[in-house]
Amino acid sequence: MDLVGDKWTLLIVRDLAAGPRRFVELQRVLPGISTEQLRSRLNRMVADGLLTRQRYREVPPRVDYELTERAQALLPVLGALARWGYRWAWDGPHGEEAIDVGAIFRVAPGLIYPDDVRGLVELTVVRPDGDQRSYAIAVEDDGVTIEEREAPEAEAQIAGRRGGLDPCPRPEARPGRVARRRGRAPGHDGSRRHRRAPRSATRPARTSRHRHPAPSAAPLPCGTADGPPRIRTFRAATGLSSAMPDAPTRKDPAPVLRRLTLSLAALLAVLAAAPAAEAKIAYGVGDQSPAMFSNPSWQELKLKKTRYFIHWNAIDNKGELAKADAFVKAAKAAKVKVLMHISTDDLREKKGKLPTVAQYRSKVGKLVKRYRKDGVRDWGTWNEANHKTQPTWNNPKRAAEFFIEMKKLCKGCTIVALDVLDQDGYARYIQRWGAAAGTHGRSAKIIGIHNYSEVNRRRSTATTGIIRAVRKFNKTSKFWYTETGGLARFEAKGLDTYSLSRQADRTQYMFDLAKKFDDFVTRLYSYNWVGIDGQGRFDAGLANANGTPRPAFDTVKKNLAASPFIR
């Protein structure tokens, strides 16, 4: 209680849950705190290890405050307090009070437990003065994050007036008690329909009252002065579309951001009220060409995930940057989520330059900043780190240092901490990486696996071995097959003959292998989309060079229609 028991600490944690903020931004969202109080509290939280302070050499000077992992662990505590307040202390705004919508949404990471639900929801709230503010709530394998931004790539968009956030009273609430404590007459009936004094477009309400239903419940939204809550589905996501009431068909001509009334109860139903189900494995196709997104066969699969690898120093190469820009732009237009994987700029064996940590921080940091604004929140620290075409092949310590940097560069992102190929020596590499990463390795959420060898030789020993090696220092991480697939041709014994039937067979085994390890594997990216008709050393395309689908495409389509695979 010495650390968080004062009036402001938990509120500051809540208001930084959506990402770093400047001092003046915190002042704006914390009405009632003086400049000196806020400065003193922030300094204390930095000293206590709850915040980091980043100074920028700009004019005028800029200082950002951001939650540390220690502070992020408080979000479930905030969620529990919010649910308690909803059940026992809520009675609605009155006088000059107003519901602080942003504060409600910012505590979402502590309120929502994702279970088997995955997806991204954009929430747009229309204020009384006509101003709009958007929030992006992402439910991923490693938890829930929120950003104050538009999310055109979201699985669903919800929009409405702020008044729709004031649901009906809970029967468990005791408004009489709360009324007396707030100076209202003992005989007051607890009605929540009060007049609110006008407020300016820039100044927030003087005080806030929040309510948060428990995420395990799926209460039916009540009617309000703004009408019954309605939510519109725009594209399916696991567990989301079935949880969205009143979802019109795609023929509905209403625009995406139509003025729909929103209730917090309905929001939590969307994100958290999916029934218990077996493990789900999300599938996507990686490629380096934006042309994939316009291919009719690709569009037929309705995929929502892809992977792209980018040179670590692409920020200095206009050509590479232009290619990445085009891919991300096309993916965003197709509402597809990109896993951006950092890689070498020289694929010659043992010839690539190994960047220093400072170089990684500078160059990769600029890439993260560039593409995060376009919705890229999935990042791979370093592609295929143990392969000799990568400069990290004999330096797992540097690969671990890169992961630690990536965590700092992309707060709130889903990060593939380590990405390994199923080749000889992977267990030793993983062991050395884990030792170098220390506590960061023990808390890594995602480990990537490239398993072409075992898929195309119909084995499972590599996945088993990689999971065992990681489990020696990390008992909770999940695994993604970040690059795999059936090979039509590869310059290796037994695979050097061009065969589309063999490719289809091995593609089926890829899905079978993922199902076998579905307690651990949560994503599967096959590579790639367009093949080269057996004319080169490596051909794994699901489509021929002219864009027509191969038999392996039909295998993918069949498996996506069955459990446990999702798009």
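The values are calculated or read from the model by the stated rules, or taken from the named source; none is laboratory data. Only a predicted model underlies this, so the values are computations on that prediction, with no experimental measurement involved. Note that each Cβ is placed from the backbone with ideal geometry, even for glycine, and that neighbours are counted across all protein chains shown. The protein model used for the area step is the full one, side chains on, heavy atoms only, and it has no ligands, DNA or RNA in it. Shrake-Rupley method; radii C 1.70, N 1.55, O 1.52, S 1.80 Å.
The table for this structure:
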{"quantity": "Carbon plus sulfur fraction of accessible area for the stretch 327-371, probe 1.4 Å, in percent", "calculated": "52"}
{"quantity": "Percent carbon-and-sulfur accessible area, the stretch 471-529, ignoring ligands, DNA and RNA, probe 1.4 Å", "calculated": "50"}
{"quantity": "Probe 1.4 Å - accessible area at Glu300, Å² to nearest ten", "calculated": "90"}
{"quantity": "Loop-located trypsin sites (Lys or Arg not before Pro) in the stretch 285-359 whose Cβ has at most 13 other Cβ within 10 Å (DSSP)", "calculated": "Lys302, Arg348, Lys350, Lys351, Lys353"}
{"quantity": "Average accessible area per residue (Å²) across the stretch 492-567 - probe 1.4 Å, nucleic acids and ligands excluded", "calculated": "43"}
{"quantity": "Label-point separation, Val46 to Ala561 (7 Å along Cα→Cβ), nm", "calculated": "6.0"}
{"quantity": "Carbon + sulfur, % of accessible area of the stretch 1-41 - ligands and nucleic acids excluded, 1.4 Å", "calculated": "52"}
{"quantity": "Two-site FRET efficiency, Asn546 against Lys478, from Cβ-Cβ distance with R₀ of 30 Å, rounded to 0.05", "calculated": "0.20"}
